[in-house]
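*Asks:* Structure below; questions to follow.
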Amino acid sequence: MLPAAAIAAGALENPQPGGRESGVGIVSGWHCGAGRIDIEFDGNRTYVAAYGTARADTQSTCGRSDTGFSLLINWNTLGAGAHVVRALADGVEFGRATATVVPLGSEFWTGKSGSMRLDNFPQAGKGVIAEWQEAKQNFVIRDTLQSVPAVNGSWFGPVLEQWHGCSDPAYNGNHGANATWSVSMFDGVNLSINGNIQTSPAFSCSYTGTHALTGSQHAASGTFSCSNGKQGNWHTTDFQVSERALSLVGEGNWTQQGITCQMKFLLGGYRHLPFP
């Protein structure tokens, strides 16, 4: 026979503390020996959860596997913001989490459809297509992608810079030109961007640095130098890549012939590809 402490053991697994919820989902977890599981929201709504579903992973702790519980909930009905969820076994709390609900502006949308592509998830070089599902009031994975657009390649587009805080105020302002870019990334980390800037006279710039991928979000930072003597550092605040387009938005600073400036920049363009 298991000790009383083991029989009283349990866990609230969904929602997770500090997590975000939307649409139709579940409150779920397990408990070793309850007669009834109640789920309470914000101290003023209580519902009885279904209890007794198979959870083989609790066999060693509980001495039984019919320990799972769940409650279907439309999170949108709670309203936007933080909500406290408590799990009670025969009236005794054994789990608690505060989750933030992010609704789309209606308790239940009907007649809506849409899909989106998420690159480099669940791992670099892979991707998924997410599609709206009305019954769940949320997005589900419709398909998986075995490859996603690469940063490497040749691109044609602008370099736009906004100079500010210059040591000589005459340099403050907006500047831009078209350019051709050659982008190479090595081992998913080291990044090299070489551009021929089409001004009169023309000049070239080389951006080198490191690349990071957090989930599906690109980021990069490093230094640059140009054939006209301009040099400095840079980092991205937004980095997007698709099959046809590249966009790096960021900040940095530069020096040239004793002048110093801070800058905001956008560089990128369209990939050099044959027309279909």
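*Asks:* State the number of residues belonging to the range 203-219 that are at pLDDT 95 or above, small (Gly, Ala, Ser) and either closer than 17 Å to MET263 by Cα or part of a loop (DSSP other than H, G, I, E, B) (or both).
*Replies:* Going through the range 203-219 one residue at a time, the tally reaches 1.
*Asks:* Here's something else I'd like to know. Can you find a residue that is in a strand (DSSP E or B), in contact (Cβ under 8 Å) with a residue 12 or more places away in the chain, under 20 Å from GLY222 (Cβ atoms) and in the same structural domain as GLY252 (by TED's automatic domain parsing) anywhere in the range 165-175?
*Replies:* No, the range 165-175 contains no residue that is in a strand (DSSP E or B), in contact (Cβ under 8 Å) with a residue 12 or more places away in the chain, under 20 Å from GLY222 (Cβ atoms) and in the same structural domain as GLY252 (by TED's automatic domain parsing).
*Asks:* Of the numbered conditions (1) of a type outside the set (Lys, Arg); (2) modelled with pLDDT of 95 or more; (3) over 26 Å from ALA135 (Cβ atoms), ASN14 fails exactly one; give the number of that condition.
*Replies:* So ASN14 meets the others, but not (3).
*Asks:* For LEU71, all conditions in the list (1) hydrophobic (A, V, I, L, M, F, W, C); (2) within 17 Å of ASN44 (Cα to Cα); (3) under 24 Å from the mean Cα position of the chain (by Cα); (4) surrounded by 13 or more Cβ atoms within 10 Å (Cβ to Cβ) hold save one; what is the number of the exception?
*Replies:* Unmet condition: (3).
*Asks:* Kindly establish whether HIS235 is modelled with pLDDT under 95, in the same structural domain as ILE193 (by TED's automatic domain parsing) and in a strand (DSSP E or B).
*Replies:* Taking the combined requirement at face value, the residue does not satisfy it.
*Asks:* Of everything in the range 93-106, what is surrounded by fewer than 18 Cβ atoms within 10 Å (Cβ to Cβ) and in contact (Cβ under 8 Å) with a residue 24 or more places away in the chain? Give them in sequence order.
*Replies:* ARG96, THR98, THR100, VAL102, LEU104, SER106 - these are the residues of the range 93-106 that are surrounded by fewer than 18 Cβ atoms within 10 Å (Cβ to Cβ) and in contact (Cβ under 8 Å) with a residue 24 or more places away in the chain.
*Asks:* Something else now. Can you name every residue in the range 136-147 that is closer than 18 Å to SER242 by Cα and not in a strand (DSSP E or B)?
*Replies:* GLN146, SER147
*Asks:* Quick one: what pairs do we get from the range 193-212, first residue closer than 14 Å to GLY269 by Cβ, second assigned to a loop (DSSP other than H, G, I, E, B), C-beta under 7 Å, 6+ apart or different chains?
*Replies:* Close Cβ pairs satisfying both conditions: ASN196/ALA202.
The values are calculated or read from the model by the stated rules, or taken from the named source; none is laboratory data. All figures in this text were calculated on a predicted structure; none of them were measured in a lab. So basically every Cβ, Gly included, is an ideal-geometry build from the backbone, and we count neighbours across all protein chains shown.
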